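The values are calculated or read from the model by the stated rules, or taken from the named source; none is laboratory data. Treat the numbers as computed from the prediction; the structure is a model and nothing was measured. Cβ sites come from the backbone with ideal geometry, for glycine too, and all protein chains shown count toward neighbours.
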Ligand SMILES: [Zn+2]
Ligand SMILES: [Zn+2]
């Protein structure tokens, strides 16, 4: 036999040819070693094949045989299924970036299935991430069967993913802000960014208040804006579900003329800047739970005398009677409502249950700023009349 031009592959081939007759001589009880060696040869050959696959593909060697890619070439010529061929090519690509893994496979320290798992991890996370932990992963691969090793790789993926997700979330969190602008043309611009959790909390808090009531003509954006104000108004005093407890107080400077709704009276002034129309001042003063009106010394006294604040006992009675906003069709619960004086206290209306009604902010606004009339029938029914339909004035309202 001529051995002059013999390649390593030729030697393997002739070794394989000699194997069956040699194997026949071996005691059956010792064939375990043969099987192990056989597996090692197959696995180590995979490393050689991976290297060869890359170089052959890069050189476009498959084209000479009329194939459009390495995978179909390998499928036909390597006698593999499409999936198995694609897997070999992908592993070859990944191992190029993971030379330590490829070497470990070539030396028989890990099996092909270990290398496949590492290659898949690199596919998910990027080879750079895997390279950082390659030594640890290989150490685990050497001592574990491929099934166990998949668990290790999955854990690693999750760890890296979680770290990446956390880092991403932390970066996003840093960008949070909220700006509340100065009043311009009667409006205050609010804009900002919240992290995902903050956004979810705000949305969860606002959604219930932002639902449309029956016959609600507000746009979804208007409802959300109202909900924000409503929730801020209701939320400050904790543990006061009946709304009787302390609530955020707006500081408003107003004159007595303004409160009395006299034509030509100056506008109210807000502590944070901006002015308020007289009717808004009257609404805010209507239930002083949300406002503190300051003015001249004379005004302070007048206000005190008028009994502007609804005493807790009266408020509890009002909540017990009305339960929710009394506007027909509205179901805003008591904590989100103001007490409305049917006859404004500034006009001499008493702060008594028969002159009070529970109204949500939207409807309180309708009664004051938008000219609706609200009255309570003898049978306890509440009647709300829009401004255009008022033909006769049956009773004074606040
Ligand atoms: Zn009112
Ligand atoms: Zn209402």
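Values computed for the structure shown
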{"item": "Pick from region 370-379, criterion in contact (Cβ under 8 Å) with a residue 24 or more places away in the chain and more than 14 Å from ligand 2 (Cβ to nearest atom), ranking: nearest to the chain's Cα centre (by Cα)", "result": "373"}
{"item": "Residue selected from region 207-219 under the condition loosely packed, with under 11 Cβ neighbours inside 10 Å and over 12 Å from residue 330 (Cα atoms), by the criterion farthest from ligand 1 (Cβ to nearest atom)", "result": "219"}
{"item": "Residue identified as closer than 25 Å to residue 56 by Cβ and either at pLDDT below 95 or touching a helix residue (DSSP H, G or I) at 6+ places or on another chain (Cβ under 7 Å) (or both) among 94, 129", "result": "94"}
{"item": "The listed residue being touching a helix residue (DSSP H, G or I) at 6+ places or on another chain (Cβ under 8 Å) and either under 19 Å from residue 47 (Cβ atoms) or loosely packed, with under 15 Cβ neighbours inside 10 Å (or both), out of 178, 137", "result": "137"}
{"item": "When residues of region 327-347 are limited to those that are within 11 Å of ligand 2 (Cβ to nearest atom) and assigned to a strand (DSSP E or B), the one farthest from residue 387 (Cα to Cα)", "result": "333"}
{"item": "The lone exception for residue 172 - which of (1) in contact with a helix residue (DSSP H, G or I) (Cβ under 8 Å, 6 or more places away or on another chain); (2) under 30 Å from residue 268 (Cβ atoms) it fails", "result": "(2)"}
{"item": "Looking only at region 348-369, and only at residues there that are out of contact with any helix residue (DSSP H, G or I) (no Cβ under 6 Å at 6 or more places or on another chain) and assigned to a strand (DSSP E or B), the one that is farthest from ligand 2 (Cβ to nearest atom)", "result": "357"}
{"item": "Residue in region 283-298 that is more than 18 Å from residue 268 (Cβ to Cβ), assigned to a loop (DSSP other than H, G, I, E, B) and either under 38 Å from the mean Cα position of the chain (by Cα) or at pLDDT below 70 (or both) present", "result": "no"}
{"item": "Candidate set from region 336-375 (those that are more than 12 Å from ligand 1 (Cβ to nearest atom) and crowded, with 20+ Cβ neighbours inside 10 Å); member that is farthest from residue 278 (Cα to Cα)", "result": "336"}
{"item": "Subset tally (residues that are in contact (Cβ under 8 Å) with a residue 40 or more places away in the chain and closer than 20 Å to residue 228 by Cβ) for region 328-367", "result": "13"}
{"item": "Selected residue (only one of 28, 64 is modelled with pLDDT under 95 and in the same structural domain as residue 127 (by TED's automatic domain parsing))", "result": "64"}
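Condition check ((1) buried (at least 18 other Cβ atoms within 10 Å of the Cβ); (2) at pLDDT below 85; (3) within 17 Å of residue 368 (Cβ to Cβ); (4) more than 14 Å from ligand 1 (Cβ to nearest atom)) across all residues:
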site	(1), (2), (3), (4)
303	yes, yes, no, yes
313	no, no, no, yes
316	no, no, no, yes
321	no, no, no, yes
334	yes, no, no, yes
